[in-house]
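Worksheet for the structure shown next.
The values are calculated or read from the model by the stated rules, or taken from the named source; none is laboratory data. This one's a predicted model, so the numbers in the text were calculated from it and none came from an experiment. Here the Cβ is made from the backbone with ideal geometry for all residues, glycine too, and neighbour counts use every protein chain on show. All accessible areas refer to the heavy atoms of the entire protein, side chains included, with ligands and DNA or RNA removed. Shrake-Rupley method; radii C 1.70, N 1.55, O 1.52, S 1.80 Å.
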Amino acid sequence: MKRFEIITESDARVLPRGETVMLAKGGHVTPLAQDTLKERRITLVHEGRATADAAALVPTADLRTVAIASDHTGVTLRRTLVEFLRGRGLSVQDLGTDGPDPVDYPDVAASVADAVARREADGGIVIDGAGIGSAIAANKVKGIRAVMATTETIARYAASTTAATC
C-alpha cells in the first residue's frame, strides 16, 4: 500500500482506480485531490486511525461486566483473558474450572449463559476444546444467542449476541 505525507490532485490522477492508499499521520489531502480520489473510487486509509469499515465493527453496547468460564482444556487461556479484561477496566466474573480434571463443557457454557440471561453480566466468554458444542449448549438458554468466534472479526460481528465461545 502506497503511503503519502500529502496527496495532491496530480498524485490522485495517477493512482489506479479502486486503489487503497495510506495517508501518514498528520498528512494532508488537497480539496481537489479529495474530489479526484472519490471520483476514481480510491480508498484513503489514515495511519493510526481505524477505517470506517473497522469502526463499524465496534460493538455499540457498553460491556462493563463479562462472565467467563472454561472447561479443563482452556484454564490457562481463561486466566490470561481474565487478567487482560480486568486490565482494561472490565468487571469479570470468573466462573472457573481451575483444575485439570475433566468437566462437561455444556455445564460450563450453561453457567456463563445463565449469568448473562439473568443480567448479572453484559456478555460472556466460554472456552473449550472446539467451541461449537459450547455455543449450542449456551443457545439452549432462553434469551441467549451464542456463536463460535474463531477470529476477532467474527467476535466483533457477533458482539450484538449475548455470549461468544472460543
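Could you pull out the residue among ARG41, ARG13, ARG3 that is at pLDDT 90 or above and in a loop (DSSP other than H, G, I, E, B)?
Numbers: ARG13 fails: in a loop (DSSP other than H, G, I, E, B); ARG3 fails: in a loop (DSSP other than H, G, I, E, B).
Just a single option satisfies the conditions, and that option is ARG41.
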Count - residues of region 47-84 that are among the hydroxyl-bearing types (Ser, Thr, Tyr) and either modelled with pLDDT under 75 or more than 24 Å from ALA113 (Cβ to Cβ) (or both): 2
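Limited to region 81-114, what total is found for residues that are within 21 Å of the chain's Cα centre (by Cα) and on the phi < 0 side of the Ramachandran plot?
Applying the first criterion (within 21 Å of the chain's Cα centre (by Cα)) to region 81-114 yields 81-94, 109, 112-113.
Restricting the remaining residues to those that are on the phi < 0 side of the Ramachandran plot gives 81-88, 90-94, 109, 112-113.
The total comes to 16.
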Tabulated pairs, region 25-42, first over 12 Å from ASP11 (Cα atoms), second among the aromatic types (Phe, Trp, Tyr), C-beta under 7 angstrom, 6+ apart or interchain: GLY27/PHE4
Any hit, region 73-82, residues being hydroxyl-bearing (Ser, Thr, Tyr), open to solvent by 30 Å² or more (accessible area, probe 1.4 Å), in contact with a strand residue (DSSP E or B) (Cβ under 9 Å, 6 or more places away or on another chain) and touching a residue at least 24 places away in the same chain (Cβ under 8 Å): yes
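Which residues, counting only those in region 117-131, are farther than 20 Å from VAL75 by Cβ and either open to solvent by 20 Å² or more (accessible area, probe 1.4 Å) or among the acidic types (Asp, Glu) (or both)? Break it down stepwise before answering.
At the first step, the residues of region 117-131 found to be farther than 20 Å from VAL75 by Cβ are 117-120, 122-123.
Within region 117-131, ALA117, ARG118, ARG119, GLU120, ASP122 meet the criteria.
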Output for region 97-116, where each listed residue is over 25 Å from GLU152 (Cβ atoms) and open to solvent by less than 60 Å² (accessible area, probe 1.4 Å): GLY99, VAL103, PRO106, ALA110, ASP114
